[in-house]
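The values are calculated or read from the model by the stated rules, or taken from the named source; none is laboratory data. Owing to the predicted nature of the structure, the values given are computational and were not obtained by experimental measurement. Here the Cβ positions follow ideal geometry from the backbone for every residue, glycine too, while neighbour counts run over all protein chains shown.
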Amino acid sequence: MVPAAFATSPWGQVLHGRLIGGLTARAAEQARAESAELACSRLTVDLFRSAPLAPVRVTTKRVRAGRRIMVLDVTVEQDDGPVGQGRVVLLRRSAQPDGRFRPPPAWGAPTPPELGPPEPMATRRWTPPWESWRIGNGAGAMTAGLWIRDTHPLVTGEQLTPLVRLAMAADLASPVSNSTDRGLSFINADYTVYLGREPRGEYVGIQPDGHLSEAGVAAGRCVLHDLSGAVGFASVAAVANPTLGLPAGATPPGGG
């Protein structure tokens, strides 16, 4: 696969880490084509290093295929070695247990149709391949969350599925959970998505749910939404990177 110009990261002429997540979700969709009863329950993306805009190869290994679980490892590599790896856990659907469960914290954010046109995010050096709607205004407003809608295909000629959209959007859990009123000084080394149901539609909402950090190492978590409500959670591990240099009030454009 040959990266297009819009595959770049906001941090330079390198491959955006969110695409590793998209390719991992694409492999999950291909595996699910064998059994419609399988649901994607977990998707983990490890971002090994910055990768140039050079061709990538994607290999999928079936680690486990049981009666109720399938586990896949997805490796994305270039000529000089792996740049990232994903793991997918697929679980077989069954009857839902009775009872009431503790829901995630309420968000109450307006949806993109209610917010109106997306806000401009292009900079002099980078234009994101998605539309976005930020929730809130002013310094540090990114911590209130946002909606995004991807506008470019992951693979030319293939329509984006809701799962692939969500897997790419989840990389933004890092700037959403790790931003402060002074800007963004963390960059994520991974992200993990846990899904409680199938995502639907084109829009992905990212609601901050917590941040912990000390000595330049951070953990962040967000709740993921579609227009029907909460879908799952995204967790990230991040390392301090002050060279990002985003000022207070700026909208961090992407994670790793």
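May I ask you to verify whether residue 100 is among the charged types (D, E, K, R) and either in contact with a Ser or Thr (Cβ under 9 Å, 6 or more places away or on another chain) or closer than 24 Å to residue 197 by Cα (or both)? Judged against the criteria, residue 100 is a match.
Regarding residue 161, is this residue out of contact with any strand residue (DSSP E or B) (no Cβ under 9 Å at 6 or more places or on another chain), buried (at least 16 other Cβ atoms within 10 Å of the Cβ) and touching a residue at least 60 places away in the same chain (Cβ under 8 Å)?
Numbers: out of contact with any strand residue (DSSP E or B) (no Cβ under 9 Å at 6 or more places or on another chain): yes; buried (at least 16 other Cβ atoms within 10 Å of the Cβ): yes; touching a residue at least 60 places away in the same chain (Cβ under 8 Å): yes.
Here the answer is yes, as residue 161 does meet what is asked.
Just a yes or no: is a residue in the range 59-74 in contact with a strand residue (DSSP E or B) (Cβ under 6 Å, 6 or more places away or on another chain), at pLDDT 95 or above, surrounded by 19 or more Cβ atoms within 10 Å (Cβ to Cβ) and over 30 Å from residue 126 (Cα atoms)? Yes - at least one qualifying residue is present in the range 59-74. Scan the range 175-191 and tell me whether some residue there is more than 26 Å from residue 39 (Cα to Cα), in contact with a Cys (Cβ under 8 Å, 6 or more places away or on another chain) and in a helix (DSSP H, G or I). The answer is yes; a qualifying residue exists.
Residue 188 falls short on exactly one of the conditions (1) of a type in the set (S, T, N, Q); (2) crowded, with 21+ Cβ neighbours inside 10 Å; (3) at pLDDT 95 or above, and that condition is (3). Listed here are the strands (runs of 3 or more DSSP E) enclosed by the range 1-120 that have at least 3 residues being without any contact (Cβ under 8 Å) to a residue 24 or more places away in the chain and over 19 Å from residue 236 (Cα atoms): 57-65, 69-78.
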